[in-house]
1. If you count, for every residue in B:222-229, the Cβ atoms of partner chains within 10 Å of its Cβ, what is the mean?
2. Run the quick spin-label model on B:Thr136 and B:Leu158: label points 7 Å from Cα toward the beta carbon, then report their separation in nm to one decimal.
3. For a Förster distance of 22 Å, can you work out the FRET efficiency between the beta-carbons of A:Ile123 and B:Glu84, rounded to the nearest 0.05?
4. R0 = 30 Å: FRET efficiency of B:Leu106 with B:Lys221, Cβ-based, nearest 0.05?
5. Using 1/(1 + (r/R0)^6) with R0 = 41 angstrom and r between the beta carbons of B:Asn307 and B:Ser389, what's the FRET efficiency to the nearest 0.05?
6. Can you tell me the relative contact order of the range B:214-360? Whole percent, Cα pairs under 8 Å, sequence separation 6 or more.
Amino acid sequence: MLFWDLEGILRAQGVTGAFRQACFCFTAPEKRLITSFFDRRAGYVISFSGYAATRTFVFWGMAANQSTLSANGYRRTGVVIIITVALCAIALASCSGQKAIGGIYLNHPDMLPGSQVSESFEINFQTYREGAAGGRTGSAGAGCGCQ
Amino acid sequence: MRLSVRNGLRLRALRPAAVFGLVCMLGLGLAGTARAASDSLSVAGSETARTQRSPEPVKIDVLSGYYSQEGDHSAVTGGTGTEELKDFATEIRIYVPLKPGKSLQLDGHISYFTSASSDNIDPATVSSASSNDLRTALDATVTRSVGREERKEVSYTLGFSHEMHFMSANTALKFAHVFPDDRSRLSAGLSYIFDVWGQYYDLSKLYPSDYSGPDDLPTDKRHSLAFTLGYSRPLHARVLLAVEAGMIQQFGLLSTPFHRIIFADSDDVDLERLPGYRIRLPLSVRVNAWAADWLTTRFSYRYYLDNFGLQAHSVQLELPLRAGSMVTLSPVYRFHAQYGHRYFAPSGGHFTTETWYTSDYDQSDLFSHFAGAGLRWSPYFPNRRKRPSRLAFHAIQARGGRYWRSDGFSSWLVSGGLSWSVLRRPDGDQNLPPQ
C-alpha cells in the first residue's frame, strides 16, 4: 500500500507507466532477511521476513483493488512522505544494537505498553461518551453504553 | 475526502483502509525482524511468573472513583435535555499466582449512579426506578505459560456484568508469544460478548409512554465478536513501541431502545433505530520513551473506523515526572476528533421517511479534550521486624481530570487507589521471612 502511493509520488512528478520493484535486504550480524516484491499493474504485494536466530519467519501478501488504487487521486503526497519517513526511521532504529542496560529502563512501570490500572475509570467513561470504542485496554465496544 | 466538522473546522481525513493496512504491514513486518538481545533481564510488563522463579506475591489493587457529568443533549429525550449524571465506582483487582507459570486474576467492579436523563425515560411517570442504578461486574482470567522455555502464554477469561435493564456475559481467549530478546511480544486475542436487554426488569417502564411499545424491535440481544492483534518491541534501549489492531463485529440490537427520536415532519416520537450489523476497526500505536531519569513520555495515537461511517483520531500524551524514587506525578492530556456516523442528526433533524436514525450526540461530529494528572506514591519500608508482616503496602495513587466536548458536554473525574502485596515464603522453608 505504501508503494502504491509511492507510484503516486512518481506520477505527480510526471513519471508514468507501471511501477514494479523488488526489494532485498540481509543484515549480517542479526542474520535477518527481508524481501518484498510489489507490482502496481497486477496489484499485489508479497513480502517475506526471516530471522534465523529465533527461527521466526513471516510471509504475507496483499492483493489490491484496482478501482481503489486509481480512485481518490494522489492528493495525499505530503502525508505519504511523512509516513514513509517515519517507517524508515523505525526500520533504521531497529537495526541498531541494544545494550543490556536498556532493561532497567524498559522494565520500569512507567514504560509498560498497556494502560495503567488507574486509567480504568477514564477509559470506561470515554468509552461511553465517544462512539469510537475499542482498540484500548478494556471494553471492546460492547456494553449498554446508556449511562 | 474532506469531512466537515460541526464547529466549522475542516480536517483532511486519511484514507482509512490505507492507514489501517499500513500499520498492519508495519506490525507484521516488525514481527519478522525481532532480534535477540544479549542481556537476560525479564520482559517488561509480563503478567506471568515466567521469569520469576521465587514465589510471587498475591497482589491486590483497590480503586475508587467519583464521576460527574453535565450536558444538554440527552439522547433519552431526543437530543435535548439534561445529561446530568453522577457515578461512584469501586474496582478490586486480585492477582493470585496458583503455581509457577499459572495465575488467576479476579476483577470486580461495582458502580452506583444517579442519572437525570435516565429518569426521563418515561416522562409521564418520571420513572424513579431508572433514576439510579447499580452495575456489578466480575471477570476471572486464568493465565498459564506453555512451551519448553515458557515463552508462550495462554489466557482465558470469563466474566459477566449486570445492571437494571442490561446483562452481559463475556469470554475471551488470548495467546501471547515473547521473543528471545525477552522484550518483544506478539499477542492475539479473540473475545465474545453477549448482551441482553431488560431480562430482569419490566421493559414497559423503560419505554416512552407515547410509544406503542418495544414489540417491533427485531431482538433484545446483542452479540460482539472481537479479534485483536498486538505487537510490542523496543526500538531503542529507552524506547518501546506497541501496536494493536482490532476488528470488532457486532450484530443484534445495536441501538439503545429508550433513546427517543423527535422528527422534523411529524409530532410522533419513535425509538432510536440503527442497523443490526456493525464492524469496528480500531488501531492504536503507543510509544513510551525514557527521556531522562526524572521523565518518561507516554504517547499514544488511536484511529477508529466503522461501517456506520464513524471515524475518529485520538492522541494522548502523558508525562510521568519522578520526584525521587517514590513519588511520580503524571500530567496527561488527550485530544479526540470524531466524525459522526451517517445516521445521526440533532433533535428535530430526522424525517419519518428515514429507516435508521439516532440523536445520540456521543455518535456525532465532535472534538473532546481531557486534561488531568495522576500522583503515585510507592514508599519503601524496610522490613526489620522479627516476624515480618506478610501484607506489604505497595503504592497509593490518585488521579483526576476534566473532560469537555465541543457540543457543550463536560465532566470531571477523581479516583484513588491502594495496592498491597501478600508475600509468600519460599517453598520448604517456613522460618524464612517473606521476600
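Every number in this text was worked out from the coordinates using simple rules, so none of it is lab data. These figures come from a predicted structure and were not determined experimentally. Every residue, glycine among them, receives a Cβ derived from its backbone with ideal geometry; neighbour counts consider all protein chains shown.
1. Across the residues of B:222-229, the mean count of other-chain Cβ atoms within 10 Å is 3.
2. Label at B:Thr136, label at B:Leu158, 1.8 nm between them.
3. According to the calculation, E is roughly 0.50.
4. 0.65
5. The calculated FRET efficiency here is 0.15.
6. After rounding, I find 20 percent.
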